[in-house]
Amino acid sequence: MAEAATPDVTIVANDIGPEGGMERQLRELIGGLLEGGHRVTVIAWTCSLPTHRNLRWIRVPGPSRPFALGYPLFLFFATLLIRLRGRGVVHSTGAIVLNHTDVCTVHFCHRAFADLPAFSRASRSGLAYRLNAALTRLMSRLAERWCYRAGRTTRLVGVSQGVARELFRHFPRMRKRTVVIPNGVDTDAFRPPDEQRQTVVGRLEALFVGGEWERKGLRFAIEALEGLDDVELTVVGEGDRDAHQRLAERLGVADRVTFAGPTDDVLAWYRRADAFLLPTAYETFSLVTYEAAACGLPLLVTRVNGVEDLLQDGRNGWFVERDAAPIRERLRTLRDDPALRLRMGQAAREDSLDHDWAQVVAAYRAIYAEAASRSATNSPT
């Protein structure tokens, strides 16, 4: 039997892998738990973790796409698998199971997102994609109402102060059960290139990383290039490429926009860029912003959850609006002042060092120990 300090942990997530902020956060957390001696069971569609004697992956059957179909199937099978094969403390990542969970980390608050001006999370512009997104949105909100209450979840974890405020507002009865554990960033892996960047006057390569391009504001990033010579934009991630390619062609900037697609080696793109641009409408933490900062890039990001805990306006970058004109002016300033972008990049690197994964793992281990202790106290003797 595992000692109280290292209880068994069952982690439930859709996917665990190198792509996506939540997926990478889970890789780091699970790796830290295994190093700490925990036995970890993963219940997920996919899990790209190295084999380990204390790691057990139970694959959830069924398709992941379209998500409007995959989501309810995951909900059903994962709920069943927890009951049959889960062990120890149960930790879910969002409202994705119907069982009682000891810990639930909220990486995206669908109820809060619904308050924003309407735009689709669909990956493509077609009717089927938008219908899939609408159904998923509805099911996610219903699942949150079921899961985010005292009878279903013992402890909610917000990944930023902003997420915690959203949970307080929309699920007030869970206020005393909600804590904040910000994600971390691997500042050893994500670091500036060994050789100092070539800071050339009059040239700038901006980097955009992410999916859901409508929400994350790729349109504004492309529009900001209009009339701004010698500024290039690299887009890493998956989205409606055809629509954004047409936009770039219509504006006459297609030759300065590179669609790199999804990758499991985003570090290489951070290291070749001069600045990081993300005019997103909603985030809960934005791990890519922290990774860009750790790689020494000036930050041009909207004032959203998580980012507001890192970005200091005028020191390590600037807050921007979802508007091409002000973004264009900030890009122009960085293009024409290499010394400024070097100073901002160094400041961003320094500020990222305060967000260490070891602190994140330690915080979760403390919550798991608390949950295991509570379970032992409530168990019949």
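The values are calculated or read from the model by the stated rules, or taken from the named source; none is laboratory data. Computed from a prediction, not measured in an experiment: that's the story for all the values here. A quick note on method: Cβ atoms are made from the backbone with ideal geometry, for glycine too, and the neighbour counts reach across all protein chains shown.
Does the range 22-30 contain at least one residue that is among the hydrophobic types (A, V, I, L, M, F, W, C) and part of a strand (DSSP E or B)? So far as the range 22-30 goes, no, none of its residues is among the hydrophobic types (A, V, I, L, M, F, W, C) and part of a strand (DSSP E or B). Of all residues in the range 136-154, those satisfying the criterion of being surrounded by fewer than 21 Cβ atoms within 10 Å (Cβ to Cβ) and in contact with a strand residue (DSSP E or B) (Cβ under 8 Å, 6 or more places away or on another chain) are 152, 154. If you go through the range 86-96 and keep only what is surrounded by 23 or more Cβ atoms within 10 Å (Cβ to Cβ) and touching a Lys or Arg at 6+ places or on another chain (Cβ under 9 Å), you end up with just 95. Restricting attention to the range 20-69, the residues being in contact with an Asp or Glu (Cβ under 6 Å, 6 or more places away or on another chain) and within 23 Å of residue 239 (Cα to Cα) number 3. Checked against the criterion of being assigned to a loop (DSSP other than H, G, I, E, B), surrounded by fewer than 20 Cβ atoms within 10 Å (Cβ to Cβ) and in contact with a helix residue (DSSP H, G or I) (Cβ under 6 Å, 6 or more places away or on another chain), the candidates 226, 238 yield just one match: 226.
Considering the range 333-354, the residues that are assigned to a helix (DSSP H, G or I) and among the hydrophobic types (A, V, I, L, M, F, W, C) include one that is surrounded by the most Cβ atoms within 10 Å (Cβ to Cβ), namely 348.
When the range 49-88 is filtered for residues that are touching a strand residue (DSSP E or B) at 6+ places or on another chain (Cβ under 7 Å), assigned to a loop (DSSP other than H, G, I, E, B) and not charged (D, E, K, R), the ones remaining, listed by number, are 49, 54, 60, 86, 88.
Evaluating residue 167 against the criteria (1) outside the structural domain of residue 151 (by TED's automatic domain parsing); (2) touching a Cys at 6+ places or on another chain (Cβ under 9 Å) leaves one unmet condition, (1).
Entry remark, the range 261-309: residues being within 14 Å of residue 234 (Cα to Cα), part of a loop (DSSP other than H, G, I, E, B) and small (Gly, Ala, Ser) number 1 in total. Given the structure, is residue 280 within 19 Å of the chain's Cα centre (by Cα) and modelled with pLDDT of 95 or more? It is true that residue 280 is within 19 Å of the chain's Cα centre (by Cα) and modelled with pLDDT of 95 or more. For the range 58-82, filtering for residues that are within 19 Å of residue 26 (Cα to Cα) and surrounded by fewer than 17 Cβ atoms within 10 Å (Cβ to Cβ) leaves 2. In the range 29-47, the condition of being touching a Pro at 6+ places or on another chain (Cβ under 9 Å) and within 22 Å of residue 290 (Cα to Cα) is met by at least one residue. Does residue 357 meet the test of being surrounded by 14 or more Cβ atoms within 10 Å (Cβ to Cβ), among the aromatic types (Phe, Trp, Tyr) and farther than 30 Å from residue 227 by Cβ? Answer is yes for this residue.
Given the structure, is residue 292 at pLDDT 95 or above, hydrophobic (A, V, I, L, M, F, W, C), surrounded by 15 or more Cβ atoms within 10 Å (Cβ to Cβ) and in the same structural domain as residue 321 (by TED's automatic domain parsing)? Yes, satisfied.
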